[in-house]
1. Measure off 7 Å from each Cα along the Cα-to-Cβ vector at V218 and N113, then give the distance between these two points in nanometres to one decimal.
2. Sort R164, R233 by accessible area with a 1.4 Å probe, largest first.
3. Convert each backbone phi in segment 155-164 into a coupling constant with the Karplus relation 6.51 cos²θ - 1.76 cosθ + 1.60 (shift: θ = phi - 60°), then list the ³J(HN,Hα) values in order as whole Hz, x for Gly and Pro.
4. Explain nothing, just compute: Karplus ³J(HN,Hα) = 6.51 cos²θ - 1.76 cosθ + 1.60, θ = phi - 60°, for every residue of segment 196-204 in order, whole Hz, x for Gly and Pro.
5. If packing is taken as the average count of other Cβ atoms within 10 Å, what order do 121-133, 146-158 fall into, highest mean first?
6. Segment 169-243 to segment 73-124: how many Å between their Cα centroids?
7. Could you rank the peptides 167-180, 71-84 by their average count of other C-beta atoms within 10 Å per residue, with the highest value first?
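The values are calculated or read from the model by the stated rules, or taken from the named source; none is laboratory data. Just so we're clear, the structure is a prediction, and the values are computed from it rather than from any experiment. Cβ coordinates were reconstructed from backbone atoms using ideal geometry, including for glycine residues, and neighbour counts include every protein chain displayed. Each accessible area value is taken on the protein alone, full model and side chains, heavy atoms only, with ligands, DNA and RNA left out. Shrake-Rupley method; radii C 1.70, N 1.55, O 1.52, S 1.80 Å.
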Amino acid sequence: MTSAFDEEAEVDASLQKLGRERGRTLSIDDRVALLCPDNSIDTVAMDNGTAEVGPSPRKINLPSMADCYRQLLEDIGEDPTRKGIKSTPMRAAKAFMFFTKGYDETVQEEVNNAIAHEADDQMVMVKNIEMFSMCQHHLVPFIGKVSVAYIPNKCVLGLSKIARIVEIYSRRLQTQERLTKQIAQAIEEAVHPAGIAVVVEAQHMCMVMRGVQKLNAVTVTSTMLGVLRDDPRAREEFLALLK
Ligand SMILES: Nc1nc2c(ncn2[C@@H]2O[C@H](COP(=O)(O)OP(=O)(O)OP(=O)(O)O)[C@@H](O)[C@H]2O)c(=O)[nH]1
């Protein structure tokens, strides 16, 4: 049986091979795409030559989604025509579109032009950004908070845009690990900072309301890049600010 470690080693070998073929260092998303080939991640070239990672533009078909919810209601033993839930299928369809609205958004559009030249190279941190996402395994929510820090390298990003980036990637079917990496990569591509740290803390409803039913289990994931990964003093500063 292949272990997770074997899989990692395989991915590393594939990344090195791909990097040699393409003549460049490969990004986190190359790794994510290799680790999660079923995630239908597309790479779409953006005007400025960087890459935005996201699914293809989706078709919105609310009546078809409502039909599915109507069927689901029947399958759980409900009467979808009864008063009170007659409008539920369409309502649920709209709600599900909202839960996954990140598929309709791109970092380029949301960040807009909120990037400014700034000589300051002190750490910027936005912490406790509320996050609502959907587990790709069970289609139930995982909810928590995201903290993002970066050390500017001549450019700073509008503060609200950090929360917008969190929205774009969390409002999709996700794993917490991938969400964490995608947020870090989006900031990397937007302002090329000297270092980035992203920490996500979340409770997964698939572990709370069903399955193992652990009400207090909190999952913490992090991605650290650049000096925030390599320089112990920068890491310490980040961890102190995170408290
Ligand atoms: N790594 C990771 N795992 C997740 C995430 N969200 C859900 N999972 C896990 O995905 C796994 C799916 O395992 P399966 O055994 O196929 O599904 P299951 O029978 O519903 O598993 P249980 O939840 O243990 O009942 C579970 O262990 C979930 O906890 C996530 O964001 N990251």
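1. 4.1 nm
2. Values: R164 115, R233 185 Å².
Highest to lowest solvent-accessible surface, that is R233, R164.
3. Each residue of segment 155-164 in turn: 10, 10, 10, x, 4, 5, 5, 5, 5, 5 Hz.
4. 9, 9, 10, 10, 10, 10, 8, 10, 9
5. On the way: 121-133: 16.1, 146-158: 20.6.
Ranking the peptides 121-133, 146-158 by packing returns 146-158, 121-133.
6. 20 Å
7. On the way: 167-180: 21.1, 71-84: 10.7.
Per-residue mean Cβ counts within 10 Å order the peptides as 167-180, 71-84.
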